[in-house]
Amino acid sequence: MSGLEDLYQQVIVDHSRRPRNFRPLQGSRQAEGYNPLCGDRVTIYVNLEGDKVKEVAFQGSGCAISTASASLLTEALKGKTLAEAGQMFERFHELVTHGGAAPASLGKLAAFAGVSEYPTRVKCATLPWHTLRAALKNAPEVVSTE
Ligand code: ZN
């Protein structure tokens, strides 16, 4: 394992064991996501201020990849505009489905580059992002990756 892969692994393990922003948010937009392939469940909460993400948090239970992805999402999106959040979603999706070098703008989210080699885990990594998109639209239905 290369040094970089090792570092990425550590980021995912750390965030899956000690997820950040793991709590509900009062008065927030929210959506629930479910990945039946793996059994991952996540609820994303987001509070906007104008077109900026003021606060974002999550709850749920799932595998290490989905939990770490949700945790890193909450850290990455705080303070971002909706347009920036949309761009980040596109870049993250491209990274986990096609691999390759992560753009610098993804920061720690680059840790998921290796997921592209495991197609069954891609949905674990993208579930929180699809759920975020539903939360921003305030969509009441459960988001399923199927
Ligand atoms: Zn999973």
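Tabulated data
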{"read-out": "Verdict on ASP51 being touching a residue at least 60 places away in the same chain (Cβ under 8 Å) and among the charged types (D, E, K, R)", "value": "no"}
{"read-out": "Test: residue in segment 72-93 that is out of contact with any Cys (no Cβ under 8 Å at 6 or more places or on another chain), at pLDDT 95 or above and within 14 Å of the ligand (Cβ to nearest atom)", "value": "no"}
{"read-out": "Residue ID - nearest to SER66 (Cα to Cα), chosen from residues in segment 10-25 that are within 16 Å of the ligand (Cβ to nearest atom) and not in a loop (DSSP other than H, G, I, E, B)", "value": "SER16"}
{"read-out": "Top-ranked residue of segment 110-138 - restricted to ones that are outside any helix (DSSP H, G or I) and over 16 Å from ILE12 (Cβ atoms), ranked as farthest from the ligand (Cβ to nearest atom)", "value": "ASN138"}
{"read-out": "When residues of segment 95-104 are limited to those that are away from the ligand (no atom under 15 Å from the Cβ) and in a helix (DSSP H, G or I), the one farthest from LEU37 (Cα to Cα)", "value": "ALA104"}
{"read-out": "Those residues of segment 79-101 which are buried (at least 20 other Cβ atoms within 10 Å of the Cβ) and free of Cβ contacts under 8 Å to residues at least 24 places away in the same chain, in sequence order", "value": "MET88, LEU95"}
{"read-out": "Single residue of segment 26-50 satisfying the filter (within 20 Å of PHE112 (Cα to Cα) and not in a loop (DSSP other than H, G, I, E, B)) that is nearest to the ligand (Cβ to nearest atom)", "value": "ASP40"}
{"read-out": "THR145 being within 16 Å of the ligand (Cβ to nearest atom), modelled with pLDDT under 95 and buried (at least 16 other Cβ atoms within 10 Å of the Cβ)", "value": "yes"}
{"read-out": "Residue satisfying condition, being among the aliphatic types (A, V, I, L, M) and without any contact (Cβ under 8 Å) to a residue 40 or more places away in the chain, within set ALA76, ALA68", "value": "ALA76"}
{"read-out": "Candidate set from segment 51-67 (those that are away from the ligand (no atom under 16 Å from the Cβ) and part of a strand (DSSP E or B)); member that is nearest to PRO19 (Cα to Cα)", "value": "ALA57"}
{"read-out": "Number of positions in segment 74-94 that are assigned to a helix (DSSP H, G or I) and more than 14 Å from the chain's Cα centre (by Cα)", "value": "3"}
{"read-out": "Flag for GLY107 being part of a helix (DSSP H, G or I), loosely packed, with under 14 Cβ neighbours inside 10 Å and in contact (Cβ under 8 Å) with a residue 12 or more places away in the chain", "value": "yes"}
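The values are calculated or read from the model by the stated rules, or taken from the named source; none is laboratory data. Quick caveat, the model's predicted, so the values are computed rather than measured. Counting neighbours? That spans all protein chains shown, and the Cβs are built from the backbone with ideal geometry, glycine included.
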